[in-house]
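Asks: Here it is: the structure, laid out below.
Just so it is clear, none of the values below were taken in a lab; they were calculated from the coordinates. On a predicted model such as this, the values are computed, not experimentally measured, just so you know. Methodologically, a virtual Cβ is constructed for each residue, glycine included, from the backbone with ideal geometry; neighbour enumeration extends over all protein chains shown.
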Amino acid sequence: MSERAGLRAEAGARAASQAQAREREVRAPINVAVAGAAGRMGEAVCAAVSAAEDMSLVAKADPLLGSTVSDALRRKPDVLVDFTRPGSAVANAIECVKAGVHVVIGTTGFDLEPLKRECARSGSANVFIAPNFAVGAVLMMRFAAEAAMHMEAAEIIELHHESKLDAPSGTAARTAQLIAQVTGRSEPPIHSVRLPGLLAHQEVILGALGQTLTIRHDSLDRRSFMPGVLLAIRAVRSLSVSPLVGLEHILFRETDEREQRM
Ligand SMILES: NC(=O)c1ccc[n+]([C@@H]2O[C@H](COP(=O)([O-])OP(=O)(O)OC[C@H]3O[C@@H](n4cnc5c(N)ncnc54)[C@H](O)[C@@H]3O)[C@@H](O)[C@H]2O)c1
């Protein structure tokens, strides 16, 4: 074999082995740890991850289970999902990013700035945050922002179960932000209701001369959040921006890509 043919064969073998490694990486299950695993959302996430064919639940962290996020990191997860408390989510995420582990945060009601600083410092792991993982809620926010461009004013009513710690909800705050961004007006007022019997609900009422438009979303079961959580676990490793806030960035990226292929 000539020298050039030998080099070509070597390059071909190298490309084939790289392709095989990529395929193995794609097919290997995503190892997932859950922080807040004994909580209402954490339990639902553990069940959803265990049922997902492409994921493996490798660790559960929760003081109620006697295990910490540091314990969970020793099980070498690819991604840690955090549904804990506003006071612990940032510290948990920073610990993960420092260890090179990607993070999906569902916890609401914390300040994002310290996490932004940490992500800028240690660039090897991504953080994805969504104030609401329910696909219907993401659509509600998008439709409300679009409607607000054509109506004079809006107000937001968010209704949650009585144990929710933060008010206003992360979803309501994000909706108000989006409406302010697209209209150039100040953020609309938010009214918070906390009552037993509720889970997670939001109405955006838009008003104009002689008419109102109400856009409402209801999460009736915690399972409503799980398809969004699984989507985020699959996407967090390949984000080009971190931290990234809002399921819409993943959801509509997938829809846009599908439309482009059609
Ligand atoms: N993003 C969404 O779609 C969405 C949906 C529902 C709820 N939430 C938010 O998720 C969070 C959790 O909600 P919940 O109803 O499951 O609360 P919960 O009180 O039932 O559960 C929180 C759990 O976190 C555990 N915990 C506390 N500190 C911890 C730490 N440092 N490390 C690990 N675990 C820790 C607690 O022991 C508890 O078991 C809240 O902030 C809530 O607002 C978000």
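Asks: Determine the calculated [θ] at 222 nm for the chain from helices alone, applying -39500 (n - 2.57) to every DSSP H run no shorter than 4 residues and normalising by the residue count; nearest 500 deg cm²/dmol.
Replies: Rounded to the nearest 500, it is -14000 deg cm²/dmol.
Asks: Taking the Cβ of each residue in R253, R27 as the centre, tally the other Cβ atoms inside 10 Å and list the residues starting with the fewest.
Replies: R27, R253
Asks: Then there's this: Per residue of the range 138-143, what does 6.51 cos²θ - 1.76 cosθ + 1.60 with θ = phi - 60° give for ³J(HN,Hα)? Whole Hz please, x for Gly and Pro, Karplus curve as stated.
Replies: Those phi angles translate into 5, 5, 4, 5, 5, 5 Hz.
Asks: Still on this model: Across 5 Å bins from the origin, how do the percents of Cα pairs in the range 135-220 run, short distances first?
Replies: In order of increasing distance, the bins hold 3, 16, 28, 25, 16, 8, 4, 0 percent.
Asks: Now for a separate question. What is the ratio of the Cα radius of gyration of the range 63-168 to 2.2 N^0.38 Å, where N is its residue count, to two decimals?
Replies: 1.30
Asks: Return one quarter of the surface area of the convex hull spanned by the alpha-carbon atoms of the chain, equal to its mean projected area, in nm².
Replies: Over all viewing directions, the chain projects a mean Cα-hull area of 18.9 nm².
Asks: Starting from the range 137-223, pick out the GluC sites (Glu not before Pro) whose DSSP state is loop and whose Cβ has at most 12 other Cβ atoms within 10 Å.
Replies: Working: sites: E146, E152, E155, E158, E162, E203; in loops: E152, E162.
Sparse-neighbourhood loop GluC sites (Glu not before Pro): E152, E162.
Asks: Between helix 170-183 and the chain, what is the angle of the helix's C-alpha long axis to the longest principal axis, kept within 0 to 90° and rounded to the nearest 10?
Replies: On a 0 to 90 degree scale, this one is about 80.
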